[in-house]
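Some notes on the structure that comes next.
Bear in mind these aren't lab numbers, they're just calculated from the coordinates by the rules spelled out. Since we're looking at a predicted model, the values are computed, not measured. With ideal geometry, Cβ positions are generated from the backbone for all residues, glycine too; neighbour counts draw on all protein chains shown.
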There are 2 protein chains.
Amino acid sequence: MNSFTEENYLKAIFKLSQKTNDGVSTNAIAESLETKASSVTDMIKKLSEKKLVNYKKYQGVSLTKKGKDIAVSIIRNHRLWEVFLVEKLNFKWDEVHDLAEDLEHINSKKLTNQLDAFLEYPKYDPHGDPIPDKDGNIHRHQDITLADLKLNEQGIVVGVKEHSKSYLNYLESINLVLGTEIKVKEVVDFDRSMSVTINKENTVNISHQASKNLIIKRS
Amino acid sequence: MNSFTEENYLKAIFKLSQKTNDGVSTNAIAESLETKASSVTDMIKKLSEKKLVNYKKYQGVSLTKKGKDIAVSIIRNHRLWEVFLVEKLNFKWDEVHDLAEDLEHINSKKLTNQLDAFLEYPKYDPHGDPIPDKDGNIHRHQDITLADLKLNEQGIVVGVKEHSKSYLNYLESINLVLGTEIKVKEVVDFDRSMSVTINKENTVNISHQASKNLIIKRS
DNA sequence: ATATATTTTTAGATTAGTCTAAAAATATTT
DNA sequence: AAATATTTTTAGACTAATCTAAAAATATAT
Ligand SMILES: [Mn+2]
Ligand SMILES: [Mn+2]
Ligand SMILES: [Mn+2]
Ligand SMILES: [Mn+2]
């Protein structure tokens, strides 16, 4: 039906349109897919032909209902496969993204739904990202990060906003995995770094770069 | 590294070379991949460039060590995924082949080996085909079919030589699944059809077309 | 409001895989 | 051994996705 490439464009447009209110720009898509603006224009025309995106020259692009449904189902696949790899095949959370990038394109409603059932309908993937349900509904959590917490406030780590191997590895090395309880003990005004207590046990120093990418649920 | 297309050619050449002693013909590959002979020639040249096949114009083609290793690893993937789909996701044996055709191209040694472990190192796929081990060794069973059995001989169904949905569905409808014990009660000379007893319970009539595709282990 | 910078689109080329039609090589008949 | 049939290869064209370079549109600065 749609090529891998088309699906990747739809997914990229979906993710970018979460961040802005108006149309997604050609350049933004190009950057996100590591391709050139001219290639993006070509593909947008094709997706527009297929009624998967709304497009007016120079005006940016948005997904149609049809396009959005496809994007969400691919994201559902991606996150379910990540859960599978971590929960069933003993992969670490920093190893699964690239494989899921391939697996997400295996197109079978039955496969996706059986996998979902086999995994017992997980709500979140290994990085805390919400898994769209069968009907495409996504329950996204609040966008509070550790950097938003004030002195002595505390919360639970529920996700990450940055998915690079190096960040995930670093977090694991200081025991900052999903579910960890965290409390702010000190905030340095100068560089916005923090001292935080992890699980009421050890205390570590965290840069602003690191804290602003940790999604927290106040507790 | 190699495209899906290249991998499919390697797999096709591997399977065809099991059946003959000398080189695989261009036409045979074309038929097996449902493409044209001219396309095959083009691809063979490319695979030859990459040292994955041995090729002399007009002489047919054979796999190099490198090409064979790739082919076998794809077959390993294919069969492991089929086991996964049947054993873990409750698919029927006639529903898994097409999905496995896609999944087999997900290229990750770690994924394959972890999947193998998760499935507890299965020796055969849902159609009785042997699963190559980590090192590419394949233990193929004897090539005796039900059609080879004489009157009053008996055996266990261990595989099928034909993988079409219609054939697999038919077998299931008469309870002829893997592991079934089968005994020849009558052979009709005229059309080589047979009467056979299944699991010492019911007796059914089977055409030669059906019996020659059932792989049997004498018992 | 003009000039300058940035973004987006177009024009034209490239690569992988495919196809049809024709030519070349090999195999089969007579 | 020559004629005929079959198989394989080549030549040339097509599509999807990409790129570079240049043109057109839009945004920003003076
Ligand atoms: Mn991911
Ligand atoms: Mn994820
Ligand atoms: Mn199969
Ligand atoms: Mn099989």
Classify the protein assembly as shown: rounded, prolate or oblate, from the alpha-carbon gyration tensor (a ≥ b ≥ c, eigenvalue square roots; a/c under 1.5 rounded; otherwise prolate if a/b is larger than b/c)? prolate
Dipole of region A:4-63 (Lys/Arg Cβ +1, Asp/Glu Cβ -1, origin at the Cα centre): which of A:S62, A:S32, A:A12 lies farthest to the positive side? A:S62
If I histogram all Cα-Cα distances within region A:4-63 using bins 5 Å wide from 0, what percent of pairs lands in each bin? 4, 21, 37, 28, 9, 0
Alpha-carbon radius of gyration plus Dmax, which is the widest Cα pair, for chain B in Å: 19.2, 58
Distance in nm between A:Y170 and A:D69 label points, each 7 Å along Cα→Cβ, equals 4.2 nm
Treating only Lys and Arg (+1) and Asp and Glu (-1) as charged, each at its beta carbon, one finds that region A:13-151 has a dipole about its Cα centre, in Debye to the nearest 20, of 840 debye
Restraint check, A:K65/A:K123; A:K92/B:K165; A:K46/A:K109; A:K123/B:K134, Cα-Cα greater than 32 Å: A:K92/B:K165; A:K123/B:K134
What number does region B:130-183 give for Rg over Rh if you use C-alpha atoms and the Kirkwood radius? 1.03
Here the convex hull volume per residue of region A:69-122, taken over Cα atoms and given in Å³, is 71 Å³
Would you pull out the residues with amide H under 5 Å of A:I216's amide H, same chain only if 5 or more places away, H placed 1.01 Å from N? A:I144, A:T145, A:L146, A:V158
What lysines does B:K200 reach when the alpha-carbon gap must be under 23 Å and sequence neighbours fewer than 8 apart in one chain are set aside? B:K150, B:K183, B:K185, B:K212, B:K217
Given springs between every Cα pair under 10 Å in a Gaussian network model of chain B, which of B:T35, B:T112, B:T197 has the largest fluctuation? B:T35
With charges only on Cβ, +1 for K and R and -1 for D and E, what is the dipole size of region A:4-63 about its Cα centre, in debye, rounded to 20? 180 debye
What's the FRET efficiency of A:D98 with B:K217 using the Cβ-Cβ distance as r and R₀ = 56 Å, to the nearest 0.05? 0.85
Would you mind telling me which residue in B:G128, B:G179, B:G159 has the biggest mean-square fluctuation in a Gaussian network model of chain B, where springs connect alpha carbons within a distance under 10 angstrom? B:G179
With charges only on Cβ, +1 for K and R and -1 for D and E, what is the dipole size of region B:52-128 about its Cα centre, in debye, rounded to 20? 700 debye
Spin-label pair A:S207/B:K19, simplified geometry with 7 Å Cα→Cβ offset, distance in nm: 6.1 nm
Only helical DSSP H runs with n ≥ 4 go in: add -39500 (n - 2.57) per run for the protein assembly as shown, normalise by residue count and round the 222 nm mean residue ellipticity to 500 deg cm²/dmol. -12500 deg cm²/dmol
